[in-house]
1. Among what's in the range 196-230 and is under 19 Å from residue 254 (Cβ atoms) and of a type in the set (Asp, Glu), pick the residue that is surrounded by the most Cβ atoms within 10 Å (Cβ to Cβ).
2. Considering only residues that are open to solvent by less than 30 Å² (accessible area, probe 1.4 Å) and of a type outside the set (D, E, K, R), which ones fall in the range 117-131?
3. Determine the pairs where a residue that is in a strand (DSSP E or B) and among the hydroxyl-bearing types (Ser, Thr, Tyr), located within the range 21-38, has a partner that is more than 15 Å from the ligand (Cβ to nearest atom) and open to solvent by 40 Å² or more (accessible area, probe 1.4 Å) with Cβ atoms under 8 Å apart, the partner being 6 or more residues away or on another chain.
4. Spot the failing condition for residue 100; the list is (1) open to solvent by 50 Å² or more (accessible area, probe 1.4 Å); (2) within 16 Å of the ligand (Cβ to nearest atom); (3) modelled with pLDDT of 95 or more, and only one is missed.
5. Out of everything in the range 67-90 that is away from the ligand (no atom under 16 Å from the Cβ) and not in a loop (DSSP other than H, G, I, E, B), what residue ends up being most open to solvent (accessible area, probe 1.4 Å)?
6. Would you mind stating whether residue 287 is aliphatic (A, V, I, L, M), surrounded by fewer than 18 Cβ atoms within 10 Å (Cβ to Cβ) and more than 16 Å from the ligand (Cβ to nearest atom)?
7. Against the definition (of a type outside the set (A, V, I, L, M, F, W, C) and either within 16 Å of the ligand (Cβ to nearest atom) or in the same structural domain as residue 131 (by TED's automatic domain parsing) (or both)), how does residue 332 come out, yes or no?
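The values are calculated or read from the model by the stated rules, or taken from the named source; none is laboratory data. Everything quoted here is computed from the prediction, not taken from an experiment. With ideal geometry, Cβ positions are generated from the backbone for all residues, glycine too; neighbour counts draw on all protein chains shown. Accessible surface areas use protein heavy atoms only, side chains included; no ligands, DNA or RNA. Shrake-Rupley method; radii C 1.70, N 1.55, O 1.52, S 1.80 Å.
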Amino acid sequence: MKTISTLRIEKRNTSKIGDVDFSNLAFGSVFTDHMFSCEYANGEWQQPEIVPYGPLSIDPSAKVFHYGQAVFEGMKAFKDDNGDVFLFRPEDNWARINKSSVRLAMPEFPKEVFMEGLTELLKLDDAWIKPGDGNSLYIRPFVIATQEGVSASPSDRYKFLIILAPAQSYYAGEVNVVFAEKYSRAADGGVGYAKAAGNYAAQFYPTDLAKQEGYQQIIWTDANSHEYLEEAGTMNVFFRLGDTLITAPNNDRILDGITRKSVIQLAEDAGIIVEVRPVAVKEIVAAAKAGELKEIFGVGTAAVVVPFKSFGYKGVNHKLNAPENSYGMKFKNMLNNIQYNRAEDSYGWRVAVK
Ligand code: COI
């Protein structure tokens, strides 16, 4: 990999921030003043730069449009009441975008350039990060194939970009989920574990069908038998049976979620029994009928922890009444306290931006 060339910074003359209503933000709909950008050409990453946020000029034949060579990440920056800014496990996102890139025959991105570029970008757009519970800055790193030409082969040119969106909550209302009986998100040997753009595109149609039946998200089942529960929409998923927490193991179909592994760690350290093993649809339906299923919740960067109000399976809707000592809420608070610098972080997950 090429030695790092100096980050070039071109600032916007005037900020757009005055036009933004921070009390009423739809997730991912408003972007800050600047973005990070770095080109890959001639077998190496070129000079990284921070430039005013704006449209890209890309040839219509670029491979990203035809063959979906595109990967992304989701991260967040948080501001505490002193105005200090923090990231949550950022190196894990860097490692994961490279894992995704390798699977899509795309080049890996150097850690130092990623961390420096992101840090400088956050410092430049600091005013967009609002303190207070629920407020954060959603960070979207992504890589796209830019080589012109529609031959079906990997691109030899790419763009690595980071854009930033001030955010509040991901879901506006309650979330009801339906277990997938027909459609699949990922298959053995496929790209399910990668944050490949196409994984998300393939979910939209079945999710639209689920919405017509009153469900906001789908809990994806294994593609072979539809007998095991794997991922919830764009999140990993946890089931609480009695006082035991259960989640599916990572494999080549399931995203290695950073919130997922943080929740497993927090739960184990709180003395909760966590079983990481295949979760059978049959088992969950039986537990719901027997009154043993206490919670199902999704976890992910954008949504953090989302308790589900009900799940649907074979035309039957099973209500979930949140218990008083909800695990989901407990982990959400614990994570938020670390993220917003309100609690000791014995794990070293919180990284100050300076
Ligand atoms: C995230 O939690 O960052 C995600 O990947 C969800 C995203 C598709 C909005």
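1. In this case the residue turns out to be 230.
2. Passing the criteria: 117, 118, 119, 121, 122, 128, 129.
3. 37/49
4. (1)
5. 67
6. Answer is no for this residue.
7. Considered against the rule, which asks whether it is of a type outside the set (A, V, I, L, M, F, W, C) and either within 16 Å of the ligand (Cβ to nearest atom) or in the same structural domain as residue 131 (by TED's automatic domain parsing) (or both), residue 332 comes out as yes.
Residue-wise test of (1) more than 13 Å from the ligand (Cβ to nearest atom); (2) in a loop (DSSP other than H, G, I, E, B); (3) in contact (Cβ under 8 Å) with a residue 60 or more places away in the chain.
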residue	(1), (2), (3)
238	yes, no, yes
250	yes, yes, no
256	no, yes, yes
260	no, no, no
271	yes, yes, no
